Amino acid sequence: MKAKLTKRIEELQNQNRFSGTVLVKAKQHVLAEISFGYANRSDSLGNNSNTRYGIASGCKLFTAIAVCQMVEKGMLSFDSKVKDCLNVDFPRFDEKITIHHLLAHISGISDYFDEEEMEGYERLWFERPMYRMRNPLDFLPLFQDKPMKLHVGERFHYNNAGYILLGCIVQQISGQDFAAYVQENIFQKAGMESSGYFEMDALPANTAIGYIDLGDGAWKTNIYSLPAKGGPDGGAFATVHDMDRLWNALMDHALLSETYTKLLLETHAHAGGDDHYGYGVWIKKGTNGKAQKYHVMGYDPGVCFHSAYYPEQSVTLVVCSNQSGGAFEMMAAIEDEIIGKR
């Protein structure tokens, strides 16, 4: 199985020139661990299994875990009104919006980057200094005066601004910087020693630079395409092994009690077809209504990330890339080999 899977991964890499690292584990046995491409093209430094990659929106799960931890400790409630949790004015927001609505992407607020209407995340920074975006509060002026897009609870609408608000709430209630809270209460507890919200202009060793391919062999880095520091809606860095540790810690109830873990992984919104959304995590269900797959994903200029846990098979899959694409196709091919044939 290992040799066959590795061969399939290498075939796909040859087809689309995938750059990144793939980790596949079944019941904690490594089935594949392989890296391709360069973390630093200029110096020909290769990616490896300990390379830190940007994971974009994949870290919305961290925000959801942080909020659930606070609810479990009695510091707030899923029914808490957003207007009561932040000392910031949102004049056009519906006062009925709760923490639950934000977590499940059903708040109806307008997004600062609406994926239903806008293309090209980097366009946001053409007229705004991305180097000043280093705290969740820095994002508020991008959307706090916008009108509601939908009625509260009307439908699922994937929303980055909602997770920015959740991060601001974590900061205000905990008294800690959001990134510091996650580092202490999630990364450290899960043993994610290489992960963090690193600043784009001060990346630590063995961190993959994100690359945007322009065609005909030309490329540029993504340093001017993303906020200087990631936050509650995306932008953390992690290794494939750290993401595996996160799934293990979550499923073993090391981050939340069994009750709150189940709540986080429970369907709170229908996203279309057989796709559902819990709190910070996507859920794919089978015809029997049971979860076949819990997964997180992220796309940014120079970043492509997918990771999943398959409860029936106890399989963990992590695909990190420092290019703008390739992870989805890699994940689908591995699923066909590992999950589809079991």
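The values are calculated or read from the model by the stated rules, or taken from the named source; none is laboratory data. Note that this is a predicted model, so its numbers are computed, not measured. Positions of Cβ are backbone-derived with ideal geometry, glycine not excepted, and every protein chain shown enters the neighbour counts.
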When residues of segment 173-232 are limited to those that are under 20 Å from the mean Cα position of the chain (by Cα) and of a type in the set (D, E, K, R), the one surrounded by the most Cβ atoms within 10 Å (Cβ to Cβ): 229
Residue 11 passes all but one of the listed conditions (1) more than 25 Å from residue 300 (Cβ to Cβ); (2) part of a strand (DSSP E or B); the exception is number (2)
Residue among 29, 101 that alone is over 28 Å from residue 202 (Cβ atoms) and buried (at least 22 other Cβ atoms within 10 Å of the Cβ): 101
Taking segment 86-119 only, how many residues are of a type in the set (A, V, I, L, M, F, W, C), more than 16 Å from residue 150 (Cα to Cα) and at pLDDT below 95? 3
Look through segment 262-315, keep the residues that are hydroxyl-bearing (Ser, Thr, Tyr) and not in a strand (DSSP E or B), and return whichever of them is nearest to the chain's Cα centre (by Cα). 279
Result of the Cβ filter at 6 Å on segment 270-297, keeping first residues that are surrounded by fewer than 19 Cβ atoms within 10 Å (Cβ to Cβ) and partners that are polar (S, T, N, Q), at least 6 apart or interchain, is 284/292; 286/292
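Would you please name the residue that is surrounded by the most Cβ atoms within 10 Å (Cβ to Cβ), looking only at residues in segment 120-136 that are in a helix (DSSP H, G or I) and at pLDDT 85 or above? Walk me through it before giving the result.
Here is the first cut: in segment 120-136, the ones in a helix (DSSP H, G or I) are 121-125, 130-132, 136.
Adding the requirement that they be at pLDDT 85 or above leaves 130-132, 136.
Numbers: 130: 18, 131: 15, 132: 10, 136: 25.
Checking each candidate, the answer is 136.
Being touching a Pro at 6+ places or on another chain (Cβ under 9 Å) and of a type in the set (D, E, K, R) is the filter; apply it to segment 133-159 and report the residue that is farthest from residue 198 (Cα to Cα).
Residues of segment 133-159 that are touching a Pro at 6+ places or on another chain (Cβ under 9 Å), as a first pass: 133-134, 136, 138-139, 144-145.
Next, only the ones that are of a type in the set (D, E, K, R) stay: 134, 138, 145.
On the way: 134: 10, 138: 16, 145: 29 Å.
Taking the candidates together, the pick is 145.
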Going through segment 184-232 one residue at a time, which ones are polar (S, T, N, Q), in contact (Cβ under 8 Å) with a residue 12 or more places away in the chain and either touching a His at 6+ places or on another chain (Cβ under 7 Å) or not in a loop (DSSP other than H, G, I, E, B) (or both)? 185, 207, 221
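Only one residue in 175, 162, 153, 191 is closer than 16 Å to residue 75 by Cβ and of a type outside the set (A, V, I, L, M), so which one is that?
Working: 162 fails: closer than 16 Å to residue 75 by Cβ; 153 fails: closer than 16 Å to residue 75 by Cβ; 191 fails: closer than 16 Å to residue 75 by Cβ.
The match here is 175.
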Please go through segment 233-257 and pick out each residue that is farther than 21 Å from residue 205 by Cβ, within 14 Å of the chain's Cα centre (by Cα) and part of a loop (DSSP other than H, G, I, E, B). 233
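Which is in contact (Cβ under 8 Å) with a residue 40 or more places away in the chain and either small (Gly, Ala, Ser) or closer than 25 Å to residue 271 by Cβ (or both), of 88, 152?
Working: 88 fails: either small (Gly, Ala, Ser) or closer than 25 Å to residue 271 by Cβ (or both).
None of the other options fit; the residue is 152.
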Checking residue 45 against (1) modelled with pLDDT under 95; (2) of a type outside the set (Gly, Ala, Ser); (3) touching a strand residue (DSSP E or B) at 6+ places or on another chain (Cβ under 9 Å): exactly one of these is not met. Which one? (1)
All but one of (1) over 30 Å from residue 221 (Cα atoms); (2) under 19 Å from the mean Cα position of the chain (by Cα) hold for residue 159, so report the exception by its number. (1)
Single condition residue 329 does not satisfy, out of (1) surrounded by fewer than 18 Cβ atoms within 10 Å (Cβ to Cβ); (2) touching a residue at least 40 places away in the same chain (Cβ under 8 Å); (3) more than 16 Å from the chain's Cα centre (by Cα); (4) not in a helix (DSSP H, G or I): (4)
